[in-house]
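Some notes on the structure that comes next.
Just so it is clear, none of the values below were taken in a lab; they were calculated from the coordinates. Predicted, not measured: the structure shown is a model, and the values here were computed from it. Please note: Cβ atoms are built from the backbone with ideal geometry, for glycine as well, and neighbour counts cover all protein chains shown.
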Amino acid sequence: MAMSAAATQSFLLNNKTTRQNYQTLKAATHIAAFPSTHVHPTTTLTSTYKSMSISCSAAASTTTTPLQTPPSTSSDRVFNFAAGPATLPENVLQKAQADLVNWRGSGMSVMEMSHRGKEFLSIIQKAESDLRTLLNISDEYAVLFLQGGATTQFAAIPLNICSPDDAVDYIVTGSWGDKAYKEAAKYSKPNVIWSGKSEKYTKIPNFDSLVQNPDAKYLHICANETIHGVEFKNYPTPLNEKTILVADMSSNFCSKPVDVSKFGIIYAGAQKNVGPSGVTIVIIRKNLIGNAQESTPVMLDYKIHAENNSLYNTPPCYGIYMCGLVFEDLLDQGGLVEVEKKNQKKAQILYDAIDSSNGFYRCPVEKSVRSLMNVPFTLAKPELEAEFVKTAAGEKMVQLKGHRSVGGMRASIYNAMPLAGVEKLVAFMKEFQAKHG
């Protein structure tokens, strides 16, 4: 016997078991209809559901009315000051959204493509070409799109460049340089020729005072320390012309022009300036490839990846695609010279606000080496820091809490952070000081 839809729904929802199932179905339908919505435990979302009819018949069929995803607008987005994964250009996200289901008429999402198919090959080849244009990378260098984060390169570099008994030099200007040094000790003989630890990583050394090992295979630096906010404004020259300069550029990659020819290896995690997490980019001079230690795992051997054009195994396809969109966007902005000007302006506004606060806000980093990307600061009254972070979040400025190892606050203002975000933060800082100063 058939029942009307209204009567059936009334009957079902008055049944305890079915009522629970209905709520589950309702929640699942919401999730399916809003796949791009990130639900934070402390976030309250207000959604409008279309009516859903449940009918009971001999065939026991269930039909639902598809829910439509409301278009996202800029007003929906926060200013995200996270250190990484970090904010991405909104126009890049919108372009990816438009092509999400059907990339350029291929009938597939990039997430569904074979990494050996012609569609993805065109994506990765263009991404590499655009990156070469951005950084003026010559044919003497290979560009590799890898996985494992920059941290994996802490081991891969000595494994590929050294024998276990080879000496290598490290300049340690922060936590990441220190981690790289400690990992290298497993596969080579590293020596710290300078460390800023005793001064809480707030400086970069005078290069002329460095005592380098003339036999070192490489000199390693971290070009920008994400946690402590110190950045190399120029780069040291290895003592021996056979010693190569190696740089972890994860948190300032593609934020300014760099003379790649000065380096043997540049490596960077993508998730700060050029894409989502999951992609690691290695730029390596080709004559350094092919000398890996015998024990080097195949996935850490640069020769394997170079010979296979970063396609030895399935790469992080969608992440590489997103990096490619970011490279396009950076070129559209006029290249890295123009990008650096924007970054300098943003950083200057924020540092000026800190320095003109009469000590209410403090940045511990020596002014000459302050990062354009990561700005750490503290309050003269540390007990107010939690309130600062919480109140800022209420004003749609999130992830301002400093790294757990140093405390305080940190504003990461990567390429994709708009000037409006920094201006809003500075205005908030002044209001907070007026209230609590």
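Distance between the 7 Å Cα→Cβ label points at residue 94 and residue 198: 5.4 nm. One decimal place: the segment residue 76-residue 308 gains 79.3 nm when fully extended, by the rule 0.36 nm per residue minus the C-alpha distance. The stretch between residue 179 and residue 431 holds 86.9 nm of extra length on full extension. This uses 0.36 nm per residue minus the Cα-Cα distance. Cα gyration tensor of region 251-318, axes a ≥ b ≥ c as square roots of the eigenvalues: rounded (a/c below 1.5), prolate (a/b > b/c) or oblate? It is oblate, given that a/c is not under 1.5 and a/b is not larger than b/c. Between region 282-311 and region 106-122, the C-alpha centres lie 25 angstrom from each other. Decide, for region 147-292, between rounded, prolate and oblate: order the square roots of the alpha carbon gyration tensor eigenvalues as a ≥ b ≥ c, take rounded if a/c falls under 1.5, and otherwise choose prolate if a/b is larger than b/c, else oblate. Cα axes put region 147-292 in the rounded bin. Packing here is the average count of other Cβ atoms within 10 Å per residue, and on that basis the peptides 414-420, 227-233, 398-404, highest first, run 227-233, 414-420, 398-404.
Its residues counted as N, region 184-245 yields a C-alpha radius of gyration over 2.2 N^0.38 Å of 1.16.
If you take the Cα centroid of region 226-279 and the Cα centroid of region 139-162, the two points sit 12 Å apart.
Distance from a point 7 Å along Cα→Cβ of residue 355 to each backbone N in region 168-206: keep the residues under 18 Å and list them by number. Flagged as within label range: 202-204. Quick one: which of 217/286; 118/342; 401/435; 272/346 span more than 25 angstrom between C-alpha atoms? Table pairs above 25 Å Cα-Cα are 118/342. On the beta carbon distance between residue 393 and residue 362, with R0 = 30 Å, the FRET formula returns roughly 0.90.
With 0.36 nm allotted per residue and the present C-alpha distance subtracted, the residue 345-residue 423 stretch has 27.0 nm of extension available. May I ask you to list the residues of region 399-424 whose amide nitrogen lies under 15 Å from a point 7 Å from Cα along the Cα→beta-carbon direction of residue 151? Within reach of a label on residue 151: 404-405.
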